[in-house]
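Presented below is the structure to which this report refers.
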Amino acid sequence: MEGRSALSEIEGAVHVPSIEAATDARERDIERILIGEQEIQDKLRELGDQITRDYEGRELLLIGVLKGAFVMMADLSRHIRLPLEVDFMAVASYGAATKTSGVVRILKDLDHDLEGRDVLLIEDIVDSGLTLNYLLKNLRGRRPSSLEVCALLKKTGIQRVHLDVKYVGFEIPPDFVVGYGLDFAERFRNLPYVGLLKPEAYADI
Ligand code: IMP
Ligand code: MG
């Protein structure tokens, strides 16, 4: 039968993954999970509830700081039960891959005018705080009626400037982390959890 032989030819061509490839290739460089997928989702639900209460009767503008905030923005925004709009800004800090210099360059600016808006800035992580400090100054100059920050992670005790971050998901030790939007050399953003890299992963890249 013609049809049948054509099908078995296609089946024959299907790549059968080896047992090694069946393990999750994203995870090979991960030493340990710091904050698990479920823990993150529970926290975002909690933050979303709190934001919904705090902004009741108002319309929010969420601003995500690319690229790191794109995963959190997608999940958190669905837990905010208010009319809202989203916008994104892309920034790059000059300096080495794992350290920030505090000198920030805007790569992509907002589409929205902020004047009179209730703005909530979404950040993946507050490390030295220098990026956020720069951004807040810049955004304040555009005269929003309110401006607050929601960060998934805040490294404890290493901020070099005073910052008022109203919504914080987790306080973590000052180690370099990846996953859930956070990268090392642009990799690992698609991990559903936050983890620590194996030391040899830094040497590889
Ligand atoms: P800050 O200016 O030192 O607060 O850090 C700004 C940016 O550096 C963050 O938005 C992240 O993109 C990146 N960053 C800081 N710490 C980490 C980390 O532990 N893993 C991945 N990226 C980080
Ligand atoms: Mg980065």
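The values are calculated or read from the model by the stated rules, or taken from the named source; none is laboratory data. Since we're looking at a predicted model, the values are computed, not measured. Every residue, glycine among them, receives a Cβ derived from its backbone with ideal geometry; neighbour counts consider all protein chains shown. Heads up: the accessible areas ignore ligands, DNA and RNA and are worked out on the full protein's heavy atoms, side chains in. Shrake-Rupley method; radii C 1.70, N 1.55, O 1.52, S 1.80 Å.
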Take the residues in the stretch 82-95 that are within 11 Å of ligand 2 (Cβ to nearest atom) and open to solvent by 30 Å² or more (accessible area, probe 1.4 Å), then tell me which one is modelled with the lowest pLDDT.
95
State all residues of the stretch 175-199 that are among the aromatic types (Phe, Trp, Tyr), within 13 Å of ligand 2 (Cβ to nearest atom) and part of a loop (DSSP other than H, G, I, E, B); if no residue qualifies, say none.
176, 180, 188
Quick one: in the stretch 105-126, which of the residues that are among the charged types (D, E, K, R) and either surrounded by fewer than 21 Cβ atoms within 10 Å (Cβ to Cβ) or more than 17 Å from the chain's Cα centre (by Cα) (or both) is nearest to ligand 1 (Cβ to nearest atom)?
105
Residue that is nearest to ligand 2 (Cβ to nearest atom) [pool: residues in the stretch 161-174 that are modelled with pLDDT of 95 or more, in a loop (DSSP other than H, G, I, E, B) and open to solvent by 50 Å² or more (accessible area, probe 1.4 Å)]
173
Based on this model, can you work out whether residue 158 counts as open to solvent by 20 Å² or more (accessible area, probe 1.4 Å), modelled with pLDDT under 95, assigned to a loop (DSSP other than H, G, I, E, B) and of a type in the set (A, V, I, L, M, F, W, C)?
yes
What tally of residues in the stretch 156-188 results from selecting those that are more than 10 Å from ligand 1 (Cβ to nearest atom) and of a type in the set (Val, Ile, Thr)?
3
List pairs: first in the stretch 175-188 and under 10 Å from residue 124 (Cα atoms), second in a strand (DSSP E or B) and near ligand 2 (Cβ under 10 Å from one of its atoms), Cβ under 8 Å, 6+ apart or cross-chain?
180/124; 181/124; 182/124; 182/125
For residues in the stretch 144-155 being more than 18 Å from the chain's Cα centre (by Cα) and in a strand (DSSP E or B), which is surrounded by the most Cβ atoms within 10 Å (Cβ to Cβ)?
147
Which listed residue is open to solvent by 50 Å² or more (accessible area, probe 1.4 Å), over 19 Å from residue 153 (Cβ atoms) and modelled with pLDDT under 95, from 20, 59
20
